[in-house]
Amino acid sequence: MLDLTSPIWKTLGAAGNDADKWLRHLIEEDGSFRENVDILTEDLSHQLSWYSATAYVLPHLVALCPTLTLPDEIYLIAKTGPAIAAEAEWPLSPDSDACLEFQEGITGLRHEIRLLLANPETAVQLKSDPELCQEFSLSALSIMGSRSHAYGLYLLSAYCWESGHAACACGWNDEELPLSEHPVCLEPVSIARWDGRSLDSEPVWLSGLLSLTDDKELRPVLPYVYGTGVCPKCGRREPYWTWHNRFMKEY
């Protein structure tokens, strides 16, 4: 964990180029906790971009978690998701200092999320705030599951998850595939009921978390984004996520 007195912080990028300032406010309890969280996480995830300060901030957030109340820890983790997911698009070089810091942070956050999910009060908190539940679920996906899938869902949130992007290798593509209308070119996957504990199946636990508030925005399209696409032009079958990733790279 990089000490906040290190001159390296001045070389690390963020949208406001002052992530260390807001991190220090958090650690020193200087000002409103949630306002500081909002500013820091926006600084690290503006326009869903990757900022180099993120990797070095995460271990500090892990160290902060055990000192927080349950509601504040849930809030902190919920807000970190977009910054973490962006690493999928700008992957860190293995064995670099930044990658080691990032992995230290991710490992610690995974531990904290497991503790939260084992605490019945977490579900109570999430049930009381649908927006926070949705944010926490996506952030958990960024940390516990596929960062690429999380980043894709953050991108599709601009369309309220009603439309997706798709492209086949044959050249067929659709910039606004109507996910909410259950398009015939997508075969949905069957998602089992979550037992509230296992994190083995990404769509199962993600859907289970969202079901705490009867989410009617993201949860209904999960069977399609985790399903299989059948190209209307050539008939080729591929996971929807392959379609999405190809579209983002080529169009």
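Go through (1) buried (at least 16 other Cβ atoms within 10 Å of the Cβ); (2) within 23 Å of residue 126 (Cβ to Cβ) for residue 67 and report which single condition fails.
All conditions pass for residue 67, except number (1).
Does any residue of region 224-234 turn out to be crowded, with 17+ Cβ neighbours inside 10 Å and under 14 Å from residue 145 (Cα atoms)?
Yes, region 224-234 contains at least one residue that is crowded, with 17+ Cβ neighbours inside 10 Å and under 14 Å from residue 145 (Cα atoms).
Filter region 179-211 for residues that are more than 18 Å from the chain's Cα centre (by Cα), of a type outside the set (S, T, N, Q) and surrounded by 15 or more Cβ atoms within 10 Å (Cβ to Cβ) and give the result.
179, 183, 185, 186, 188, 189, 191, 194, listed by residue number.
So that you can scan it fast, the table gives a plain yes or no per residue for (1) among the hydrophobic types (A, V, I, L, M, F, W, C); (2) outside any helix (DSSP H, G or I); (3) more than 18 Å from residue 141 (Cα to Cα); (4) touching a residue at least 12 places away in the same chain (Cβ under 8 Å):
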site	(1), (2), (3), (4)
87	no, no, no, yes
100	yes, no, yes, no
116	yes, no, no, yes
122	no, no, no, yes
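In the set 222, 179, which member is touching a Gly at 6+ places or on another chain (Cβ under 6 Å), of a type in the set (A, V, I, L, M) and not assigned by TED's automatic domain parsing to the domain that holds residue 130?
Unique residue meeting the criteria: 179.
For region 225-251, give me each residue that is assigned to a loop (DSSP other than H, G, I, E, B) and either assigned by TED's automatic domain parsing to the domain that holds residue 120 or more than 30 Å from residue 115 (Cβ to Cβ) (or both).
At the first step, the residues of region 225-251 found to be assigned to a loop (DSSP other than H, G, I, E, B) are 226-227, 231-236, 251.
Hits for region 225-251 are 227, 231, 232, 233, 234, 235, 236, 251.
Just one of 112, 131 is without any contact (Cβ under 8 Å) to a residue 24 or more places away in the chain, outside any loop (DSSP other than H, G, I, E, B) and not hydrophobic (A, V, I, L, M, F, W, C); which is it?
131
Return the only residue of 45, 93 being of a type outside the set (A, V, I, L, M, F, W, C), assigned to a helix (DSSP H, G or I) and within 30 Å of residue 241 (Cα to Cα).
On the way: 93 fails: assigned to a helix (DSSP H, G or I).
One residue alone meets the criteria, 45.
Which of the residues that make up region 1-42 are without any contact (Cβ under 8 Å) to a residue 24 or more places away in the chain, farther than 24 Å from residue 135 by Cβ and part of a loop (DSSP other than H, G, I, E, B)?
Across region 1-42, the qualifying residues are 3, 5, 6, 17, 28, 30.
The values are calculated or read from the model by the stated rules, or taken from the named source; none is laboratory data. Quick caveat, the model's predicted, so the values are computed rather than measured. Glycine also receives a Cβ, built like all others from the backbone with ideal geometry; neighbour counts cover every protein chain displayed.
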